[in-house]
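Reviewing the structure listed below.
The values are calculated or read from the model by the stated rules, or taken from the named source; none is laboratory data. On a predicted model such as this, the values are computed, not experimentally measured, just so you know. Backbone-built Cβ (ideal geometry, glycine too); neighbour counts: all protein chains shown. Heavy atoms of the whole protein, side chains included, go into the accessibility calculation; ligands, DNA and RNA do not. Shrake-Rupley method; radii C 1.70, N 1.55, O 1.52, S 1.80 Å.
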Amino acid sequence: MHADPKGVLTGVHFLDGDHACCEGTLAAGARFAAGYPITPSTEVVERFAWRIPTVGGIFIQMEDELAASIAIQGAVWGGAKAFTVTSGPGFSLMMEHIGYAAITETPCVFVNVQRGGPSTGLPTLPAQADMMQARWGSHGDYSIIALCPNSPQECFDLTVTGFNLAEEFRVPVMMMLDECVGHMTEKVVIPESDQIAITPRRFTHQSPEEFRLFKPKEDLVPDMVKAGDGYRFHVTGLTHDERGYPSMNVETQDKLVRRMQDKLKPFTNGRALFEAVNLDDAEVVVVSYGITSRVAQRATQMARAQGVKAGIFRLITAWPFPEQHIRELAGRVKAFVVPELNLGQMVHEVERHAAGRAKVISVPHAGGTVHKPEVILKAILEAAR
Amino acid sequence: MSDAILDIPLDMTNPVEPFLRMDRMPHIWCPACGIGTTVNCFARALESSKLDLNKVAIVSGIGCTGRVAGYANLDSFHTTHGRAIPFATGLKLSNPELQVVVYSGDGDLFAIGGNHFIHAARRNMDIKVICVNNLTYAMTGGQTGPATPTEVISATSPYGVFEPSFNLVQMAEAAGASYVARWTTYHVKQLSRAMEEVLHKKGFCFIEVLSPCPTLYQRRNKMGDGLDAMKFYKQVSKVRNGAPTSECALTRAGEIVVGKFVDRDRPDYLELLTHQMKETLGDRYADPEVTTCSEG
C-alpha cells in the first residue's frame, strides 16, 4: 500500500533533519503525536503541531515525557499510527514505556535527537551516547529496532521506514538522530505519495470468537486489533499468555520473552540496513553511523589519497546489530576503526562480532562537536600498519 | 437469613456476569476487600447506562485496583504505574467515539500519577476517573500513600503517619474536573448511580470511592474486619451533596462527607481544540481522522 497523499508534501525542499523527520512521520501515516519540549528535538513536533490540523490528526503537548510516551500507545490501540520525540533526559524518562511497548507489542516510534550527556549535559550540542540506552535502557529482555539517519533526506526516508518496521514487527522503533543531523539543513526530496510504500497495520481478519490477541503468526508476530471493534481484548504489561491474560509462571515467561527476542532474528540477517562504501578492496573499514559517518567519509578519502585502502560500513540499523556483516568483513579485512560521539558503545558490538579476527580500534569522543577528520585518519593509518 | 435470598434459584447466573471476564475468576482480591463491591456497582452502572459496551474501554494503572481492567469484559488496558490517565488520553483522542474509563487506586492516581491527574482535569479531557481509595498501597503490603490519614500505622510508617494527606475531591475540583463525587462501598446504590451519571457526562469526571482494606490497613490499625468497615462507613458518613470540597478532607476516624460536590459544564479538550482550529484555520482545518491506520 502507498502513502495517504494528505500527509505527503511532495516536492524539493530545503529542510533541517528535525523538520524532515516530521515530514517522514506524516508521509508514513502518523496522525497522532504527543510530545514534551526538549532541545534539540522539539522542532519535530513544532512542525507537526503546525502541519497536522490541515492534514487531519492530533498533536498534544503532554505534561512530561512519561505521559507523552504512553499517550502515543493509547493512541495506537485506538487505531492510530503515533510517535513521540525527545532527547537525552526525556529519553531516560521514556524507558519505562519503551518496555511497555515491547511487551505489549505496540507499534510506535520514538525519535531521539541525541545531545551530550549524562543528565542535562550539553542541551544544544551533539552526541551519540544513547546508543546502548536505546537497546538496553528499559528493564528486562526485549528487542527494538534503531535507525540512524545521517542527513535530512534520510531523516525523511528512514522515518517512513521506521514506521513501516514498527508495524511489521510490532516493536518500538527508535529514530536515533543526533543534534547535528537534526539541525543541519539540506535538500530533501519528498516523492509522490504513490512512490512511498507503507506497511499497513496487521489487523486481524478473525472474528472476536477466534481471535487471540498474542497468538503469533508464522513470523512470530501476532496480528492486532483496535479498541471499539468488539474484540473485548485485554492488554497488560504483565507477562501474559496468548489471550493477553496475566500468567505468572516460568513457561509463559520463557515463551513470551523468547518470542519477543526471536521475532527480530530475520532482521539481524537478511533485513539489516547499511551502506557499504569501497569495501571490495578495503583493508581498513570504518564502522560509523549518523553524523560521524560523514566525517568518516572525509577521513577515508584522505586515507585513500595516501594509498591506504579504507572503506566505510555505515550502520543504518544500529539495532538489531548487523552481526553477520561484521563477521564476514572480519574474515577479510585487517582492522575496523569505530569513531563515535561517545566513549565507546557500538565499538563493543564490532569487537564482539569481529571476535579477534580483525583489529578493532575505537575512536571515542565525549561529544559537543564532531570528530576532526584527521583524528579518524590517524586511526585508519595506524590500523593499516 | 431472609427468604429473599433463599428464593434465588441455584441455576441463576449473577446479573453482573456479562460485564465480567468469568474465565478469569476467581479474582485476586482479599475477602472483604471493597474493590469487588465497586466493580459490582460499575457493572450495574454499565447495564443501566445502555451504552454499547463495544465502545467502552477501561484503563487501569498498577496496584490492587489496577487489576480491575483485567476482569472487565470490555476493551481493557492494564498500563504502567501511574500512567493510566495519559494512556487513556491517547486512546480517547485517537478514537473519540470510545467512552474511556480510568479505574485505579489512590497511590497510582495521586502519588506516581498525580501530575497526570491534575493536567487531565485542567484540560477537561473527556475521561471518567474512578479512584478506589483504600488509603494505602495494598498490593505491596500496606505502605503509606498520599491519601493515608495522619496517625495511621502503615508498613512504612510504623510509628504513625505524620505527613498531611491530599483531599482528593478538593484537588479534582481545583484542577478543573467537570464532575466530582465521593461515596463509600457502603453506598452501593449511590455509587452505581454516580457511575451511570458520569458515563453520560462530558468532560473530566472524578469519583472517589472509600473502600476497605481489611488485610492491611484495618488489621494494622485495629479497625476490625470488613463488616466493621461497613458499620464505620455507615456511622461516620454524612451525605452533603454540593458541600464545598474544602470541607471534605478525610481523617483517621472522623466524619466522611459523601455526595456529589461538583457538576458543571465546561467545554472538553476536543471541543476546545476543534473550536480553536476552526477559528484560526477556517476551511483549511481538517477534521482529525486519527484512526486511518488501514488494513492490509
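Give me the dipole magnitude in Debye, nearest 20, for segment A:273-356 about the Cα centre, with unit charges on the beta carbon: positive for Lys and Arg, negative for Asp and Glu.
Working: 9 positive and 9 negative charges, 44 e Å.
The calculation lands at about 220 debye.
Please identify, among A:Val45, A:Val160, A:Val257, the residue showing maximal mean-square fluctuation in a Gaussian network model of chain A using a 10 angstrom Cα cutoff. Of A:Val45, A:Val160, A:Val257, the Gaussian network model singles out A:Val257 as fluctuating most.
Summarising the strand pairing of segment B:145-296, around 35 percent of its internal DSSP beta bridges are antiparallel. At the listed q of 0.11 Å⁻¹, the Debye profile of the protein assembly as shown, built from one uniform point per Cα, gives log10 I(q)/I(0) equal to -1.08. The accessible-area ordering, largest first, of the residues A:Trp319, A:Trp136 stands as A:Trp136, A:Trp319, per a 1.4 angstrom probe. Take every Cα pair under 8 Å in chain B that's 6+ residues apart, average their separations, divide by the length, and report that relative contact order as a whole percent. Relative contact order comes out at 17 percent. Backbone amide hydrogens, once placed in the peptide plane, bring A:Cys108 within less than 5 Å of A:Val171, A:Val173, excluding anything fewer than 5 places away on its chain. If you take the Cα centroid of segment A:67-112 and the Cα centroid of segment A:363-381, the two points sit 33 Å apart.
Less than 15 Å Cβ to Cβ from A:Gln253, Lys/Arg counted +1 and Asp/Glu -1: what total charge do the surrounding residues give? Please list the in-between numbers first.
Working: positive: A:Lys255, A:Arg258, A:Arg259; negative: A:Asp141, A:Asp241, A:Glu242, A:Glu251, A:Asp254, A:Asp262.
Within the 15 Å Cβ shell, the charges total -3.
For the set B:Thr280, A:Thr317, solvent exposure ranked by accessible area (probe 1.4 Å, protein chains only) runs largest to smallest as B:Thr280, A:Thr317. Remark: segment B:26-38, residue by residue, has Karplus-estimated 3J(HN,Hα) of x, 7, 8, 6, 5, x, 6, 4, x, 4, x, 4, 5 Hz, where x stands for each Gly or Pro and the curve is 6.51 cos²θ - 1.76 cosθ + 1.60 at θ = phi - 60°.
Average 1/r across all pairs of distinct alpha carbons in segment B:14-267, invert it, and you get the Kirkwood radius: 17.8 Å. Rounded to the nearest 20 debye, the dipole magnitude of chain A is 720 debye, with +1 charges on Lys and Arg beta carbons, -1 on Asp and Glu beta carbons, and the Cα centre as origin. Simple spin-label estimate for B:Glu289 and A:Ala276 gives 4.3 nm between the two label positions (7 Å along the Cα-to-Cβ direction from each Cα). Summing charges over all other residues whose Cβ lies under 15 Å from the Cβ of B:Ala229, with Lys and Arg as +1 and Asp and Glu as -1, gives +4. A:Gln114 sits among other residues whose Cβ lies under 13 Å from its own Cβ, and their net charge, with Lys and Arg +1 and Asp and Glu -1, is -4.
Per residue, chain A reaches -12000 deg cm²/dmol at 222 nm when only DSSP H runs of four or more residues are counted, each adding -39500 (n - 2.57). Give the residue from A:Pro266, A:Tyr245, A:Val277 lying farthest towards the positive end of the charge dipole for segment A:243-283; charges sit on Cβ (+1 for Lys and Arg, -1 for Asp and Glu) and the dipole is referred to the Cα centre. The residue sitting farthest along the positive end of the dipole is A:Tyr245. Annotation for the B:A interface, with buried accessible surface near 4100 Å², both sides summed [1.4 Å probe; non-protein components not counted].
FRET efficiency for B:Glu151 and B:Ser246, Cβ-Cβ distance as r, R0 = 22 Å, nearest 0.05?
Values: r = 21 Å, r/R0 = 0.97.
After rounding, the FRET efficiency stands at 0.55.
Taking a 1.4 Å probe, which of A:His2, B:His81 shows the most accessible area, and what order do the others take after it? Don't skip to the end; give the middle numbers.
Details: A:His2 105, B:His81 55 Å².
The most accessible residue leads, giving A:His2, B:His81.
Give the cysteines in chain A for which no other Cys Cβ lies under 4.7 Å away, or write none if there are none. So, A:Cys22, A:Cys108, A:Cys148, A:Cys180. For chain A, the solvent-accessible area with a 1.4 angstrom probe is 35 square angstrom per residue. Residues whose amide H lies under 5 Å from that of A:Trp319, counting only those 5 or more places away or on a different chain, are A:Ala146; hydrogens are built 1.01 Å from N in the peptide plane. In the protein assembly as shown, the DSSP beta bridges split such that about 25 percent are antiparallel, to the nearest 5.
Out of every Cα-Cα pair that segment A:275-384 contains, those further apart than 21 angstrom amount to 23 percent. Between the residues B:Gly63, A:Ala20, A:Ala3, the greatest Cα displacement towards the positive end of the dipole of the protein assembly as shown, with unit charges on the Cβ of Lys, Arg, Asp and Glu, is found for B:Gly63. Peptide B:269-276 is shielded by partner chain Cβ atoms: per residue, an average of 1 of them sit within 10 Å of its Cβ.
Exposed loop sites were defined as GluC sites (Glu not before Pro) in DSSP loop states (anything but H, G, I, E or B) carrying at most 14 other C-beta atoms within 10 Å; in chain A the longest segment without such a site runs A:1-191. GNM on chain A, C-alpha springs below 10 Å: top fluctuator among A:Ser69, A:Ser92, A:Ser247? Largest GNM mean-square fluctuation: A:Ser247. A:Asp219 exposes around 70 Å² of accessible area when a 1.4 Å probe is run over every protein chain in place. Taking the DSSP bridge list for segment A:5-195 and keeping only pairs wholly inside it, about 30 percent are antiparallel.
Across the accessible surface of segment A:275-384, with the other protein chains kept in place and a 1.4 Å probe, carbon and sulfur atoms take up 50 percent. Coupling constants for segment B:197-211 follow from the phi torsions by the Karplus curve (6.51 cos²θ - 1.76 cosθ + 1.60, θ = phi - 60°), and in residue order they are 4, 6, 5, 10, 10, 6, x, 7, 10, 9, 10, 9, 10, 5, 9 Hz; glycine and proline get x.
Just tell me how shielded A:200-208 is by partners: mean number of partner chain Cβ atoms within 10 Å of each residue's Cβ, no decimals. Walk me through the numbers before you get to the answer.
On the way: counts 4, 5, 2, 4, 1, 2, 0, 0, 1.
The per-residue average across the peptide is 2.
Heavy-atom surface analysis with a 1.4 Å probe gives segment A:5-195 a carbon and sulfur content of 57 percent of its accessible area. Among B:Leu210, B:Leu74, B:Leu168, the residue with the largest mean-square fluctuation in a Gaussian network model of chain B, with springs joining Cα atoms closer than 10 Å, is B:Leu74.
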